[in-house]
Amino acid sequence: MSHPALFLSRAAVAAFGALSLSTAFAGPQCTNQPQSAWIDAGKFQMELKAQGYEINKFKITSGQCYEIYGKNQAGKKVEIYFDPVSGKIVKQETR
């Protein structure tokens, strides 16, 4: 392989690796709806608390999800992604 071709191959491998790494840590895509269609964040959190969730951290992700870190009704640590339009769970991890 010639030197320029070797350089391009290495650059392509590095770019692919960086792309793979960035998508490996990305959360789910929850909605494409505008924020005007979303459930109010404050009301949503109040409803989760009324259902027995303890919320330690609440945020809006780049995938347009409501994400919480906290505890579920059984007291287990959870990380949950919700669709902010429907309120349905998109992804959940329990520890």
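The values are calculated or read from the model by the stated rules, or taken from the named source; none is laboratory data. Keep in mind that this is a model prediction, so the values were computed, not measured. Heads up, the Cβs are rebuilt from the backbone with ideal geometry, glycines too, and the neighbour counts pull from every protein chain shown.
For segment 81-94, which residues satisfy the criterion of being surrounded by 15 or more Cβ atoms within 10 Å (Cβ to Cβ) and touching a helix residue (DSSP H, G or I) at 6+ places or on another chain (Cβ under 9 Å)?
Of the residues in segment 81-94, the ones surrounded by 15 or more Cβ atoms within 10 Å (Cβ to Cβ) are 81-85, 90.
Passing the criteria: 82, 84, 85.
Out of the residues in segment 76-94 that are outside any strand (DSSP E or B) and charged (D, E, K, R), state the one that is nearest to residue 34 (Cα to Cα). Break it down stepwise before answering.
Of all residues in segment 76-94, those outside any strand (DSSP E or B) come to 76, 83-88.
Pick out the ones that are also charged (D, E, K, R) and you get 76, 83, 88.
Values: 76: 32, 83: 12, 88: 17 Å.
Checking each candidate, the answer is 83.
What's the number of the only condition in (1) assigned to a loop (DSSP other than H, G, I, E, B); (2) within 9 Å of the chain's Cα centre (by Cα); (3) surrounded by fewer than 16 Cβ atoms within 10 Å (Cβ to Cβ) that residue 73 fails to meet?
(2)
Return only the number of the condition from (1) within 18 Å of residue 34 (Cβ to Cβ); (2) surrounded by 10 or more Cβ atoms within 10 Å (Cβ to Cβ) that residue 62 does not satisfy.
Single failed check for residue 62: (2).
Return yes or no: is residue 36 surrounded by 10 or more Cβ atoms within 10 Å (Cβ to Cβ) and modelled with pLDDT of 95 or more? Give the derivation first.
Working: surrounded by 10 or more Cβ atoms within 10 Å (Cβ to Cβ): no; modelled with pLDDT of 95 or more: yes.
Considered against the rule, which asks whether it is surrounded by 10 or more Cβ atoms within 10 Å (Cβ to Cβ) and modelled with pLDDT of 95 or more, residue 36 comes out as no.
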